[in-house]
1. Pull out all pairs, ordered by first then second residue, where Cβ-Cβ is under 6 Å, the residues are six or more apart or on different chains, the first lies in region B:88-110 and is facing chain A (nearest Cβ under 7 Å) and surrounded by 19 or more Cβ atoms within 10 Å (Cβ to Cβ), and the second is in a strand (DSSP E or B) and of a type in the set (Ser, Thr, Tyr).
2. Give the residue, chosen from A:Glu1, A:Glu83, that is free of Cβ contacts under 8 Å to residues at least 24 places away in the same chain and either within 22 Å of B:Phe88 (Cβ to Cβ) or among the charged types (D, E, K, R) (or both).
3. Quick one: is B:Gly42 at positive phi, within 12 Å of another protein chain (Cβ to nearest Cβ) and surrounded by 12 or more Cβ atoms within 10 Å (Cβ to Cβ)?
4. Take the residues of region A:31-63 that are among the charged types (D, E, K, R) and at the interface with chain B (Cβ under 8 Å from one of its Cβ atoms): which is farthest from B:Asn38 (Cα to Cα)?
5. Are any residues in region B:17-39 more than 15 Å from B:Phe88 (Cα to Cα) and within 11 Å of another protein chain (Cβ to nearest Cβ), and if so, which ones?
6. Output the residues belonging to region A:64-96 that are within 11 Å of another protein chain (Cβ to nearest Cβ) and touching a Ser or Thr at 6+ places or on another chain (Cβ under 6 Å).
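All of the numbers you see were taken from the coordinates with simple rules; none came from a lab. Predicted, not measured: the structure shown is a model, and the values here were computed from it. Neighbour counts are summed over all protein chains in view; Cβ atoms, including those assigned to glycine, are modelled from backbone coordinates with ideal geometry.
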Amino acid sequence: EAEVAQSPRYKITEKSQAVAFWCDPISGHATLYWYRQILGQGPELLVQFQDESVVDDSQLPKDRFSAERLKGVDSTLKIQPAELGDSAMYLCASSLGPAQETQYFGPGTRLLVL
Amino acid sequence: SQQGEEDPQALSIQEGENATMNCSYKTSINNLQWYRQNSGRGLVHLILIRSNEREKHSGRLRVTLDTSKKSSSLLITASRAADTASYFCATDFSGNTPLVFGKGTRLSVIA
């Protein structure tokens, strides 16, 4: 069964350092999402791609976060510099189309900023 | 801000019992989805119910939607220890708006 891949699974970094997360969606899925999930909360959307284009990045802290999906397949989310408050689970998801139908999630990257 | 609010925040039941979780939301929706998340893992889609539907079933899952009350419920029948997880409802206002997840209900099924 096809799955969304994410790496790394865990990342520990010090504040002010740069971190990067990678996501490979299910083959053929045009829409890719990055979510941030704070412990005890539900996921919150950071950025949504349709193919290589950003559809929604209204909740992405653009002073320190960036995301790209250059060839419309895999994607990278970067934080520079990391802050203590960035400690969270970063989830990637994908879906076939732009409509808000079923989303398929990867296992997530748990980030701890010290 | 989070649109859906699940109730209760936590639920503990014995194996074999039924578990009911509720989700309330604030504005009209296009559809509502339920997801499950095992500890430290990604979310798994369980069921989607559209605004013009009132009830859907999938295996041991039963979802209802009451748009007049802006609420939904997820019923898990004959619960198993493997059902232990957090359950989230997610809503969207239209096909062009992002899904908004609630804070979740943490379900513990005791064998």
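1. Once the first residue is facing chain A (nearest Cβ under 7 Å) and surrounded by 19 or more Cβ atoms within 10 Å (Cβ to Cβ) and sits in region B:88-110, its partners that are in a strand (DSSP E or B) and of a type in the set (Ser, Thr, Tyr) give B:Phe88/B:Tyr35; B:Gly104/B:Ser86.
2. A:Glu1
3. no
4. Per the stated criteria, the residue is A:Asp56.
5. Result: B:Ile29, B:Asn30.
6. Once the filter is applied, which keeps residues that are within 11 Å of another protein chain (Cβ to nearest Cβ) and touching a Ser or Thr at 6+ places or on another chain (Cβ under 6 Å), region A:64-96 yields A:Tyr90, A:Ser95.
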